[in-house]
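Participant: This is the structure I have questions about; it appears just below.
Values quoted throughout were computed directly from the atomic coordinates according to the rules given, and no laboratory measurement underlies them. It should be emphasised that the depicted structure is a prediction, and the values quoted were computed from it without experimental measurement. As a convention, Cβ positions derive from the backbone with ideal geometry for all residues, glycine included, and neighbour counts pool all protein chains shown.
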Amino acid sequence: MSAGAPERPRSGSWRGAIEQRLQRMWFGEPDGLTRLIALPLRLLSRIVGEVASQRRREIARDKATRPPGGAAAVVVIGNLLVGGTGKTPLLIALARALSERGLRVGIISRGHGARLGGRVPHRIPATGSAADYGDEAVLVARQTGLPVVIGHDRGAALALLTDPASALNLDSSASMRENRLDVVLSDDGLQHAGLRRDLELAVFDERGVGNGHCLPAGPLREPLDHALLMDAIVLNGPAARSPIPHSRIFRFELQPVGFESLDGHTTWSVPQFCEAARGESIDALAGIGAPQRFFSTLARLGLVARTWPLGDHEPIDAHWLARLPGRWLLMTSKDAVKCSAFDASLRARCVVLRVEAMVDPSLIDWLEERLRG
């Protein structure tokens, strides 16, 4: 951040500061104050672990119960770790791959930060906004073109999605056998006891599990040994290592595939944009679980930018964005869906880095085999 650059939006500054301190406590070398804060938090972590274990036993009992005949299989793709492992790009890639293999796929999501993301589920329409339905859910809907339902109650979201008339916008007299979904992918929801599931995939990245504690003293949503109950562990990136021995481990890698102006008028290949931006002033922002991953990707591409780490799912203020001095304002696809209604002149300065998850083909083969029985 340069001396002439604007400060971060006041509404998000406290949240970003808390998240950065927690990240240091969980994954880095904590300072003296952070170590002091961590001591009482470990008692809370033990309580969180006990509650999570009780919930996991309930989930395991439900998972062992066979669903009714003809019901869509449910695959949960989620984290034992707090956000930022790359599960959403992985879900998008798997949804596309399974669709290409002839399976009829639907998706459910919590709709984090959505105005309509309460206990009553909502299907995302073609024109749905991030403010109404949540940034990740809208991104998934736009990039897959598949039916997506959001709701805090994942069981209710699943029920809405798998009703042929409401989920697929079909005439109610259409044949249920002909139009039913084969599989539902859940964007996260590993810890949601009200969601029936057939398969569970836990995603980890190069950060591992940090200090190994449960929330709030550590980054784990449930004890690490619960990973043994997952059907598979999926690792993001060549540097990622499984934090626990498991009989079924797959990999994927996030790769940059191109740049696109937010107004949709210009697209570049990765080399084309890097050449066009050489010597230009660039600001880069990321409101994702692991902002540094985005900034590191830009650096590996040779792009030098002022970096603005925002809170995960944090709204982006158009006035703040417009005051950034860079000729180009680089952002993730997840952030871009929050900016799609901004002024045209501002959107012309915004450039989205498109990434795709390159998935180990054996993961897709295994999934298809399990789903087809």
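Participant: How charged is the neighbourhood of residue 155? Take every other residue with its Cβ under 12 Å from the Cβ of residue 155, and add Lys/Arg as +1 and Asp/Glu as -1.
Facilitator: +2
Participant: Another question about this same structure. Return the FRET efficiency for the residue pair residue 274, residue 246: r is the Cβ-Cβ distance, R0 is 30 Å, and the value is rounded to the nearest 0.05. Don't skip to the end; give the middle numbers.
Facilitator: Details: r = 38 Å, r/R0 = 1.26.
The calculated FRET efficiency here is 0.20.
Participant: Please report the net charge: other residues with Cβ closer than 14 Å to the Cβ of residue 31, K and R +1, D and E -1.
Facilitator: Details: positive: 21, 24, 35; negative: 29.
Value of the local net charge: +2.
Participant: Let me make sure I get this right: for the chain, a, b and c are the square roots of the gyration tensor eigenvalues over alpha carbons, sorted descending. Under 1.5 in a/c it's rounded, otherwise prolate if a/b > b/c, else oblate. Which is it?
Facilitator: Since a/c reaches 1.5 but b/c is at least a/b, the shape of the chain is classed as oblate.
Participant: Right, another one. Summing -39500 (n - 2.57) over the DSSP H runs of n ≥ 4 in the chain and dividing by its residue number, what mean residue ellipticity at 222 nm do you reach, to the nearest 500 deg cm²/dmol? Kindly include the intermediate steps, with their values, before the conclusion.
Facilitator: Values: 14 runs with 140 residues, N = 373.
One gets -11000 deg cm²/dmol as the mean residue ellipticity at 222 nm.
Participant: Output the relative contact order of the chain, whole-number percent, from Cα pairs under 8 angstrom with separation of 6+ residues. Walk me through the numbers before you get to the answer.
Facilitator: Numbers: 711 pairs, mean separation 77.6, N = 373.
For the chain, the relative contact order is 21 percent.
Participant: Could you sort 83-94, 193-204 so that the peptide with the highest average Cβ count within 10 Å comes first and the rest follow in order?
Facilitator: Details: 83-94: 23.3, 193-204: 21.1.
Highest mean packing first, the order is 83-94, 193-204.
Participant: Ranked from highest to lowest mean number of other Cβ atoms within 10 Å per residue, what is the order of the peptides 259-272, 208-221, 226-239, 354-367?
Facilitator: Numbers: 259-272: 15.1, 208-221: 20.6, 226-239: 18.4, 354-367: 16.9.
Ranking, from highest mean packing down: 208-221, 226-239, 354-367, 259-272.
Participant: Among DSSP beta bridges whose residues both lie in the range 255-357, state the antiparallel percentage, nearest 5. Provide the component values of the computation, followed by the final result.
Facilitator: On the way: 8 of 19 bridges.
Expressed as a percentage, antiparallel bridges in the range 255-357 total about 40.
Participant: Can I ask one more? If we restrict to alpha carbons, what Rg and Dmax does the range 249-373 come to, in Å?
Facilitator: In order Rg, Dmax, the Cα atoms of the range 249-373 give 16.5, 56 Å.
Participant: Considering only the other residues whose Cβ falls under 13 Å of the Cβ of residue 218, what net charge follows from Lys and Arg at +1 and Asp and Glu at -1? Write out the running numbers ahead of the final one.
Facilitator: On the way: positive: 24, 42, 46, 207, 221; negative: 222.
Residues near residue 218 contribute +4 overall.
Participant: Something else: With a cut-off of 8 Å between alpha carbons and a minimum separation of six or more residues, what is the relative contact order of the range 187-284 in percent? Could the numbers behind the result be given before it?
Facilitator: On the way: 118 pairs, mean separation 19.3, N = 98.
Worked out over the range 187-284, it gives 20 percent.
Participant: Build a GNM of the chain with springs between Cα atoms under 10 Å: which of 302, 326, 111 gets the top mean-square fluctuation?
Facilitator: 302
Participant: Something else: Only Cα pairs under 8 Å and at least 6 apart count here; give the relative contact order of the range 255-357 as a rounded whole percent.
Facilitator: 42
Participant: Tally the DSSP beta bridges in the chain and give the antiparallel ones as a percent, rounded to 5. Walk me through the numbers on the way to the answer.
Facilitator: Numbers: 14 of 51 bridges.
Counting only bridges with both partners in the chain, antiparallel ones make up about 25 percent.
Participant: Efficiency by 1/(1 + (r/R0)^6): what FRET value for residue 159 and residue 369, r their Cβ-Cβ distance, R0 = 30 Å, to the nearest 0.05?
Facilitator: On the way: r = 27 Å, r/R0 = 0.90.
In this case the efficiency is close to 0.65.
Participant: Give the lysines whose C-alpha is closer than 28 Å to that of residue 63, dropping any in the same chain fewer than 8 places away, or say none.
Facilitator: Counting by Cα, and skipping residues close in sequence, residue 63 has these lysines nearby: 87.
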